[in-house]
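The values are calculated or read from the model by the stated rules, or taken from the named source; none is laboratory data. Fair warning: this is a prediction, and the values are worked out from it, not measured in the lab. Cβ sites come from the backbone with ideal geometry, for glycine too, and all protein chains shown count toward neighbours. For the accessible areas, the whole protein counts, side chains as well, though only heavy atoms, and no ligand, DNA or RNA atoms are used. Shrake-Rupley method; radii C 1.70, N 1.55, O 1.52, S 1.80 Å.
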Amino acid sequence: MPADGSQFDFTPAVEAATAGTWDKVKRQVTPIEWRLHAPLIAEINRLKAEKGAVILAHNYMTPEIFHGVGDFVGDSLALAKEAAKSKAKIIVQAGVHFMAETSKILSPDKTILIPDLLAGCSLASSITGADVRLIKQRYPGVPVVTYVNTTADVKAETDICCTSANAVQVVEEAARMWGTDRVILIPDEFLARNVARQTHIKIIAWQGRCEVHERFTAEDILDLKAAYPGAEVLAHPECPAEVLEVADFAGSTAAMNDYVIQRKPKQVVLITECSMADNVAADAPDTEFVRPCNLCPHMKRISLENIYEALLYDRYEVTVDEDIAERARLAVQRMIDLPPPAIPARYDLVKARHHVDVELI
Ligand code: 13P
Ligand code: SF4
């Protein structure tokens, strides 16, 4: 018999145990799909309790994972903070490999599992620790701020990490701490360009790209605005700067979620990964979502089936060499110790302040 969960039936007990989740996701998931998902959700939740495990699920997980089995859900910053303080013995990272490494760096005594070791990231694979050592030789004394979407090797060469939620704050803090007016912000070129428009610190950037967000164009947004004149357009800062210029708001996945939940727009477009809108929509029944989106092939490697197998077989364990972890921890911890980022301002107001370019390495 396969041990991938297909042996479990949709019994009345399963139906009762998962009724709350079904109520949330029934506008995103069909009843036929639900009969397959629900038994696995019930079994995963049972196994978690038995093993003392928690699941940290990123906002890009599909709704049955996000709402069905995620114990803590959120953006990269929230998940890193949760990994640092969690009391669980085992963390299953429902996200991509760099997120599991970040959890291991922050919680070296815990077992960190990722359901698929191939869940990578185009940003993380755009740069190596050796590249960062060369950059530091070229720009001595300039602090290195690294996006968390990087390998542990890269974080070990970093002064302080950032996420899309706090990048401006971290860049300004790095300049203050190191007493400079220049900061290296790697590896996402577009995040760097978008940060450069919101600060007077000079930014040195690398040409990494998120393969999901780089595909959106300003023309896509203008076409959407013409087709849906009442829709508010929210875009992730990994998009090109010209996309953010014509969007109504830019922010991390958590900031987009907060925008919809708090401001309750009648119609909204989320310019980001496809599952994001499904997950927010479950909590925002009065908002209509227009859904142009791009799939992240790495995030989509994670499924209920491989989460179940991860818990059943304790696989696949993510480890980080202790020497690398120790150096990387300093950079991640410096970020975590900062106060929470300010509520994002409307991007068009920020943009009006100034318009500067970055220095590309
Ligand atoms: P945030 O959730 O931090 O906004 O990041 C988006 C992303 O692309 C993660 O891989
Ligand atoms: Fe990486 Fe982009 Fe996928 Fe996030 S969405 S994991 S940044 S490729």
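List of remarks:
- Flag if ILE160 is touching a Leu at 6+ places or on another chain (Cβ under 9 Å), touching a residue at least 40 places away in the same chain (Cβ under 8 Å) and farther than 24 Å from ASP314 by Cα: yes
- Qualifying positions in the stretch 156-170 - in contact with a strand residue (DSSP E or B) (Cβ under 6 Å, 6 or more places away or on another chain) and either under 13 Å from GLY129 (Cα atoms) or open to solvent by 10 Å² or more (accessible area, probe 1.4 Å) (or both): THR158, ASP159
- Of all residues in the stretch 288-304, those being out of contact with any His (no Cβ under 8 Å at 6 or more places or on another chain) and open to solvent by less than 20 Å² (accessible area, probe 1.4 Å) number 3.
- Residue in the stretch 316-331 that is away from ligand 2 (no atom under 16 Å from the Cβ), assigned to a helix (DSSP H, G or I), modelled with pLDDT of 90 or more and in contact with a strand residue (DSSP E or B) (Cβ under 7 Å, 6 or more places away or on another chain) present: yes
- Filter pass, ALA277 being in contact with a helix residue (DSSP H, G or I) (Cβ under 6 Å, 6 or more places away or on another chain), more than 12 Å from ligand 1 (Cβ to nearest atom) and in a helix (DSSP H, G or I): no
- Residue identified as among the aromatic types (Phe, Trp, Tyr), assigned to a helix (DSSP H, G or I) and within 14 Å of ligand 1 (Cβ to nearest atom) among TYR259, TYR308: TYR259
- The single condition from (1) open to solvent by less than 70 Å² (accessible area, probe 1.4 Å); (2) at pLDDT below 90 that ILE307 fails is (2).
- Qualifying residue in the stretch 285-294 (condition: basic (Lys, Arg) and part of a helix (DSSP H, G or I)): no
- Subset tally (residues that are farther than 16 Å from LYS300 by Cα and among the polar types (S, T, N, Q)) for the stretch 57-109: 5
- Per-region count, the stretch 190-224, residues open to solvent by 10 Å² or more (accessible area, probe 1.4 Å), within 16 Å of ligand 2 (Cβ to nearest atom) and of a type outside the set (Lys, Arg): 7
- Contacts under 6 angstrom Cβ, first residue in the stretch 271-283 being more than 11 Å from THR62 (Cα to Cα) and touching a residue at least 40 places away in the same chain (Cβ under 8 Å), partner basic (Lys, Arg) and open to solvent by 10 Å² or more (accessible area, probe 1.4 Å), 6 or more apart: ALA282/LYS24
- Residue check for ARG176: at negative phi and free of Cβ contacts under 8 Å to residues at least 12 places away in the same chain: yes
- Filter pass, ASP248 being open to solvent by 10 Å² or more (accessible area, probe 1.4 Å), within 16 Å of ligand 1 (Cβ to nearest atom) and among the acidic types (Asp, Glu): no
- Condition broken by LEU349, with the remaining ones in (1) modelled with pLDDT of 95 or more; (2) out of contact with any Ser or Thr (no Cβ under 7 Å at 6 or more places or on another chain); (3) assigned to a helix (DSSP H, G or I) satisfied: (1)
- Positions within the stretch 15-68 being among the β-branched types (Val, Ile, Thr) and in contact with a helix residue (DSSP H, G or I) (Cβ under 8 Å, 6 or more places away or on another chain), in sequence order: THR18, THR21, VAL25, VAL29, ILE41, ILE44, VAL54, ILE55, THR62, ILE65
- The residues on offer are GLU173, GLU214, and the sole one that is in a helix (DSSP H, G or I) and more than 15 Å from HIS236 (Cβ to Cβ) is GLU173.
- Residue check, TYR147 closer than 22 Å to ALA78 by Cα and open to solvent by less than 20 Å² (accessible area, probe 1.4 Å): yes
- Hits in the stretch 262-274 (condition: β-branched (Val, Ile, Thr) and assigned to a loop (DSSP other than H, G, I, E, B)): THR272
- Among the residues of the stretch 251-272, those identified as surrounded by 19 or more Cβ atoms within 10 Å (Cβ to Cβ) and closer than 17 Å to PRO340 by Cβ are GLY251, SER252, THR253, ALA254, ALA255, MET256, ASN257, TYR259.
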